[in-house]
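The values are calculated or read from the model by the stated rules, or taken from the named source; none is laboratory data. Note that the structure is predicted; figures quoted are calculated from it, not measured. Methodologically, a virtual Cβ is constructed for each residue, glycine included, from the backbone with ideal geometry; neighbour enumeration extends over all protein chains shown.
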Amino acid sequence: TSNETGSEATFPGESEPVSLEVAPDETSSQEWERIEKEGQRWVKSRVGEFVPKLVSSKPSSFFRLLFADQKTVVSSLLAKMLPEGKRFKLEPRAPGSELDEVVRGPVLGIGTRGVVFEGTMVSSGEKFAMKMQYVQKGFFGQWPTRKEMVKEMQQELAVADILKHAYGPEGVLSKGLVLPVETRRIRGYGEFITHPFTRTLLWNNITIFPVMKCTLADLVKIPNWPREARLYVSKRLLEIIAAVHENGVVHSDIHEGNVLLKKGSGDVFFGDFYNRRGISTMRAEGGENKR
């Protein structure tokens, strides 16, 4: 967490703020190169050592689900309808095109609105992160509504189009941005995937992303971060935010859970552009900015 001046921060395992300021004699390009190299090496090693907390892949009994928390219910529903290791087919991108077959991998995370699991394309062996939103069905309808989910998905894709147009489909990763590759539906299911004994529904619209290893929220629990690692991560985040702002995209929901780290590298990435309350876009048209 930063103080008002922005020159100090409190890191895990430390009760006193630690200065992040770089002394005047350390502003040379050689010194920054050393800081980034050592910082990235430290982050890379911690990412490699990180072991994700396993999410249960077994469906719970109906009785247990009555008293379970929301994440357990979602995990159990996914395990029941799309168990780990199962092959499923995605609807074709266009009429007449080939069906892509996917092997469902482990759950990577469950949030307040969606579940992300690893999926492997059978034809290429390439791994992706696949996100499905879920909703709660109540006496007065469902939350969130279908309209809200569609708007959030459209916004995420619109932001991706803006940034991909600016940096190219391959260039967005070099800018530290994790954006949706595409959205697909699972063949053989209706719009919602559910089970008779639960009020939770999985929305059958999968958003596909490049797969990452963990989030910064996973790593900040490690105490005694070296100064080089702090400066490296801070500098990369500022560069990523600047790249987003340069293209009229404003993200006001930045936190450790949205900062992603890739397996096999110490590269820092930023994602999660679907929360409409935290995203706005401003594009000049006819001399006016549109939000």
Discussion item. Just to be sure I understand, how many residues within the stretch 240-265 are touching a residue at least 40 places away in the same chain (Cβ under 8 Å) and either out of contact with any strand residue (DSSP E or B) (no Cβ under 9 Å at 6 or more places or on another chain) or more than 23 Å from Glu33 (Cβ to Cβ) (or both)?
Written reply: 12
Item to complete: Please verify whether the stretch 76-83 includes one or more residues that are at pLDDT 85 or above and surrounded by fewer than 16 Cβ atoms within 10 Å (Cβ to Cβ).
Response: yes
Discussion item. Can you tell me which condition Leu237 does not meet? The list is (1) more than 26 Å from Gln133 (Cα to Cα); (2) more than 17 Å from the chain's Cα centre (by Cα); (3) part of a helix (DSSP H, G or I), and all the others hold.
Written reply: (2)
Practice prompt. Name the helices (runs of 4 or more DSSP H) wholly inside the stretch 142-231 in which the number of residues that are touching a residue at least 60 places away in the same chain (Cβ under 8 Å), surrounded by 15 or more Cβ atoms within 10 Å (Cβ to Cβ) and touching a helix residue (DSSP H, G or I) at 6+ places or on another chain (Cβ under 8 Å) is 1 or more.
Written response: 146-167, 216-219
Worksheet item: Which one of the conditions (1) of a type in the set (D, E, K, R); (2) at pLDDT below 95; (3) more than 30 Å from Glu91 (Cα to Cα) does Arg199 fail to meet, given that it meets all the rest?
Response: (3)
Worksheet item: Can you find a residue in the stretch 270-287 that is surrounded by 14 or more Cβ atoms within 10 Å (Cβ to Cβ), modelled with pLDDT of 95 or more and not assigned by TED's automatic domain parsing to the domain that holds Lys164?
Response: no
Response to the item:
When the stretch 65-104 is checked residue by residue, the ones that are in contact (Cβ under 8 Å) with a residue 60 or more places away in the chain, farther than 26 Å from Arg199 by Cα and not basic (Lys, Arg) are Leu99, Asp100
Worksheet item: Among (1) outside any strand (DSSP E or B); (2) within 20 Å of Gly190 (Cα to Cα); (3) β-branched (Val, Ile, Thr), where does Thr112 come up short?
Response: (2)
Response to the item:
Among the residues of the stretch 240-264, the number that are modelled with pLDDT of 90 or more, surrounded by 14 or more Cβ atoms within 10 Å (Cβ to Cβ) and part of a loop (DSSP other than H, G, I, E, B) is 3
Worksheet entry | Where Arg187 falls short, out of the listed (1) under 23 Å from Lys71 (Cα atoms); (2) at pLDDT 95 or above | (1)
